[in-house]
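What follows is a short report on a single structure.
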């Protein structure tokens, strides 16, 4: 069993209000505290099949151009997701299964590049706009019963478990891989940075806040009782934990490393990018209406986040 990180963006950041403010409110936290951000998904090579956990952002998604007021920044491109996969030595036709943690485009962006793989996704995500037109979806009802303290799960390969973990989205899931006495928890956005796991804080991005609280409580209970390597999507801590086989100890947090941010001004394109789901607002596709002229009540068509979650492209 081999687990690898598919790395495609680096040098991003997530502010303290963004990753801590889900329950307490963003106003209680400091926008000037920025935790390191990145984008990576994960690959599981069982020896007999290649399984992906999420598939990055769509090729061609523009980089964001954050400023001092930006709540989040997904980072600058290392390469495309498909190029990152190739750099690890894998071809699309080798992939047998894809386990989708949730619908957002920074996780589902390249699903169409794997037409021969079975895409496992919670049945509660099947109506998502990001998934329409795909013919290789396998709706999961989590019929294999509890996985330790998680009530609903589905085993998808020997030692690989797909687990219902709603809250961030209605059909949010996590993946746990058991290997050599460790439990590798590959998740989408249970937290955006490990500091939120240690501090027991929810982010401001959720479809169902009470469900997100239950899920985070279950995750924290699990890592207290099992030697768990916690592999996140949006922070370098995810692949750092993986590469070091670092087991989470909630009582002894890893000291935070804050983002080193240089707000370099770039030429604006007029487009804006949602820092949550990757949706691109292009005035040319919206009757020429500039993003700045949209009403304050306007929301992202995909993830329903407000305008303040968007950055210039």
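The values are calculated or read from the model by the stated rules, or taken from the named source; none is laboratory data. Keep in mind that what you see is a predicted model, and the values were worked out from it rather than measured. Using ideal geometry, Cβ is built from the backbone for each residue, glycine included, and neighbour counts are taken over all protein chains shown.
Working carefully through the options 229, 273, 280, 254, find the one that is in contact with a helix residue (DSSP H, G or I) (Cβ under 6 Å, 6 or more places away or on another chain), surrounded by 12 or more Cβ atoms within 10 Å (Cβ to Cβ) and in contact (Cβ under 8 Å) with a residue 40 or more places away in the chain.
Numbers: 273 fails: in contact with a helix residue (DSSP H, G or I) (Cβ under 6 Å, 6 or more places away or on another chain); 280 fails: in contact with a helix residue (DSSP H, G or I) (Cβ under 6 Å, 6 or more places away or on another chain); 254 fails: in contact with a helix residue (DSSP H, G or I) (Cβ under 6 Å, 6 or more places away or on another chain).
229 is the lone residue from the list that is in contact with a helix residue (DSSP H, G or I) (Cβ under 6 Å, 6 or more places away or on another chain), surrounded by 12 or more Cβ atoms within 10 Å (Cβ to Cβ) and in contact (Cβ under 8 Å) with a residue 40 or more places away in the chain.
Hey, among the residues in the range 182-215 that are assigned to a loop (DSSP other than H, G, I, E, B) and over 16 Å from the mean Cα position of the chain (by Cα), which one's farthest from residue 226 (Cα to Cα)? Outline the logic, then answer.
Here is the first cut: in the range 182-215, the ones assigned to a loop (DSSP other than H, G, I, E, B) are 188-193, 200-208.
Those still in the list that are over 16 Å from the mean Cα position of the chain (by Cα) too: 200-201, 208.
Values: 200: 18, 201: 21, 208: 27 Å.
Across the range 182-215, the extreme among qualifying residues is 208.
Within the range 243-260, can one find any residue that is assigned to a loop (DSSP other than H, G, I, E, B) and on the phi > 0 side of the Ramachandran plot?
Within the range 243-260, the first condition is being assigned to a loop (DSSP other than H, G, I, E, B), and the residues that meet it are 245-257, 259-260.
Narrowing further to those that are on the phi > 0 side of the Ramachandran plot: 245.
Checking the range 243-260: at least one residue is assigned to a loop (DSSP other than H, G, I, E, B) and on the phi > 0 side of the Ramachandran plot.
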* Asked: Looking at (1) in contact with a strand residue (DSSP E or B) (Cβ under 6 Å, 6 or more places away or on another chain); (2) closer than 23 Å to residue 169 by Cβ; (3) not in a loop (DSSP other than H, G, I, E, B), can you tell me which one residue 22 breaks?
  -> (1)
* Considering each residue of the range 265-310, count those that are over 16 Å from residue 64 (Cα atoms), over 26 Å from the mean Cα position of the chain (by Cα) and assigned to a loop (DSSP other than H, G, I, E, B), and give that number. => 8
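Can you name the residue in the range 117-156 that is part of a helix (DSSP H, G or I) and in contact with a strand residue (DSSP E or B) (Cβ under 7 Å, 6 or more places away or on another chain) and, of all such residues, is surrounded by the fewest Cβ atoms within 10 Å (Cβ to Cβ)?
Across the range 117-156, the extreme among qualifying residues is 123.
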* To do: Run down 112, 103 and say which single residue is in a loop (DSSP other than H, G, I, E, B) and either within 19 Å of the chain's Cα centre (by Cα) or modelled with pLDDT under 95 (or both).
  => 103
* Asked: Which one of these does residue 168 not meet: (1) within 18 Å of residue 120 (Cβ to Cβ); (2) in contact (Cβ under 8 Å) with a residue 40 or more places away in the chain; (3) surrounded by fewer than 16 Cβ atoms within 10 Å (Cβ to Cβ)?
  -> (3)
* Asked: Taking residue 177, is it outside any loop (DSSP other than H, G, I, E, B), at pLDDT below 95 and surrounded by 18 or more Cβ atoms within 10 Å (Cβ to Cβ)?
  -> no
* Structure fact -> Scanning the range 64-100 for residues that are under 29 Å from residue 30 (Cα atoms) and in contact with a helix residue (DSSP H, G or I) (Cβ under 6 Å, 6 or more places away or on another chain), the one surrounded by the fewest Cβ atoms within 10 Å (Cβ to Cβ) turns out to be 71
